[in-house]
1. When you scan the stretch 383-399, do you find a residue that is surrounded by 12 or more Cβ atoms within 10 Å (Cβ to Cβ), part of a strand (DSSP E or B), hydroxyl-bearing (Ser, Thr, Tyr) and touching a residue at least 24 places away in the same chain (Cβ under 8 Å), even just one?
2. Checking the condition surrounded by 13 or more Cβ atoms within 10 Å (Cβ to Cβ), in contact with a Phe, Trp or Tyr (Cβ under 7 Å, 6 or more places away or on another chain), under 25 Å from Leu169 (Cβ atoms) and in contact (Cβ under 8 Å) with a residue 40 or more places away in the chain, which residue from Val341, Val322, Val318 passes?
3. In the stretch 401-427, how many residues are of a type in the set (Gly, Ala, Ser), part of a loop (DSSP other than H, G, I, E, B) and touching a residue at least 60 places away in the same chain (Cβ under 8 Å)?
4. When the residues of the stretch 97-134 are filtered to those that are closer than 17 Å to Ile50 by Cβ and either of a type in the set (A, V, I, L, M) or not assigned by TED's automatic domain parsing to the domain that holds Leu82 (or both), which remaining residue is modelled with the lowest pLDDT?
5. Restricting attention to the stretch 162-221, and to residues there that are under 16 Å from the mean Cα position of the chain (by Cα) and among the aromatic types (Phe, Trp, Tyr), which single residue is nearest to Ala71 (Cα to Cα)?
6. Would you mind stating whether Ala452 is in a loop (DSSP other than H, G, I, E, B) and at positive phi?
7. Which ones in the stretch 298-312 are touching a Phe, Trp or Tyr at 6+ places or on another chain (Cβ under 9 Å) and in contact (Cβ under 8 Å) with a residue 24 or more places away in the chain?
8. Within the stretch 426-444, identify whether any single residue is closer than 19 Å to Leu316 by Cα, out of contact with any Phe, Trp or Tyr (no Cβ under 7 Å at 6 or more places or on another chain), at pLDDT 95 or above and β-branched (Val, Ile, Thr), and answer yes or no.
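The values are calculated or read from the model by the stated rules, or taken from the named source; none is laboratory data. The model shown is predicted, which means the values in this text are computed figures rather than measured ones. Note: ideal-geometry Cβ built from the backbone for every residue, glycine included; neighbour counts use all protein chains shown.
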Amino acid sequence: MTNLLSDFAAAVARHPDRVAIVDGKGRETRFAQLMTRTEALARAWHMRGIRKGDRVLLAMRWDADLYAALAALWSLGATVVLPEPAMGLAGLRHAAKLEGVSAFCSSGAFGVLKFALPELWPLRHLRPTASRGPRPDLPAPQAEDIALISFTSGTSGLPKAIPRSHGFLDAQHHAIAPMLHSDTPERDLVCFPVFVLINIASGRTSVLPDWKMSRLSRVKPAALAGWMARQSVTRALMPPSLCEKLAEVTLPTTLHSLFTGGGPVFPDLMRRLTAGNKELRLVCVYGSTEAEPIAHLDAIDISAEDQRWMTEGKGLLVGHPVAGLALRVVEDEIQVAGAHVNSGYLDPAHDVENKVHEGGVIWHRTGDAGHVDAQGRLWLLGRSGTEVDLPQGPRFPFPIEVAARGWKGVTGCALIETGAGACLVVEGDARCLADWQAQAARLGIAKVKQLANIPMDKRHASKIDRAALARLVV
């Protein structure tokens, strides 16, 4: 059976001296060094008693040691538990309460948490210290063995635990790999930790952020472009919030491709990114925590007719579903099934509202509304349950938000329902307020409110936090 571990070993054999990871301080770790570190950690933690089936909670800096630790624990047959980073300490404490967690693995200052949080006191404490001695002779993990447990973002209640088997991670790798394939060596700036795993398995170099992903709002456009230039980044994988910053500056000459996802990618952002960079390849990726990726769209494939349809209210185009994925739309909701779609949650109670069992097929309810056009491409309308009441009937937000983002002076907007009716909240030049009100009225929206900053999600700062926004508006 192939898995990420075997693909990692193959990548080391092919490219031992190639740089695998450049961390946020510019330190380089080559593939052979990453493998040596992995084996050293596996020896040390095997001596500490880590065995097949152990659940190990991980809190480590985002650097090469994080990926060496993942590979080491997997080689021992352990399951890695990754807390939801957007929740901070609350996410760590929530993950520590998971049944069966027996060890806590930390690096750097995260180690202090072992003594500060009561939930961690009973757990064995693993640190990334190497050990000499014979390498443990252990069988390779099986496809059905659980490799890791991660969590949903918790935007609609407590985060749900999602088990991912080695077979699932392998299927996800093969779903993403064709999109990222390149015949030449690349240096990818990677802002999504899971994509570093894909790059390691593919023998490709990953450059990590030199900023904290939990503080995206503090990233300066010039500093972002400067880090990319200093590291000779050829491709970037980042959320739309960072793409917004890149659109304000001159892109590094080495950059030829940009992959973005983790939130809606609106046409106005695509135009700003490519306006002065005609050679830039821009790919928009749509997916979710339970199914990544679902669809992708190369900006060059968006026709003038597609642009017109988006501005006239058809929704947000996100492209063709990826190979090997089954997709359908049931009562406006997008549902997906396939080898790289999570088949269930750790708590079966969560499956009731999110999974549909039909024969031998498990459909995941994404919670996103959309439709498929005659070309087989997917269009998004917004989240299910976010419809607003307009004179012409209930409307999802994306069709109107896509159009409004094209109005003069608008830099961001959100259509929400309030107790007083539909309201279009706009970020932008307040001098254009009268024009926004006139255009909104033509769409049946009586109320327009201007805000300096629309609240965004904590994970990627790329999705509108509609609950927080509603509280502000009310």
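1. Taking every residue of the stretch 383-399 in turn, none turns out to be surrounded by 12 or more Cβ atoms within 10 Å (Cβ to Cβ), part of a strand (DSSP E or B), hydroxyl-bearing (Ser, Thr, Tyr) and touching a residue at least 24 places away in the same chain (Cβ under 8 Å).
2. Val318
3. The number of residues fulfilling the criteria is 1.
4. The residue in question is Ala130.
5. Filtering first and then ranking leaves Phe195.
6. Here the answer is no, as Ala452 does not meet what is asked.
7. Hit for the stretch 298-312 is Met310, nothing else.
8. Checking the stretch 426-444: not a single residue is closer than 19 Å to Leu316 by Cα, out of contact with any Phe, Trp or Tyr (no Cβ under 7 Å at 6 or more places or on another chain), at pLDDT 95 or above and β-branched (Val, Ile, Thr).
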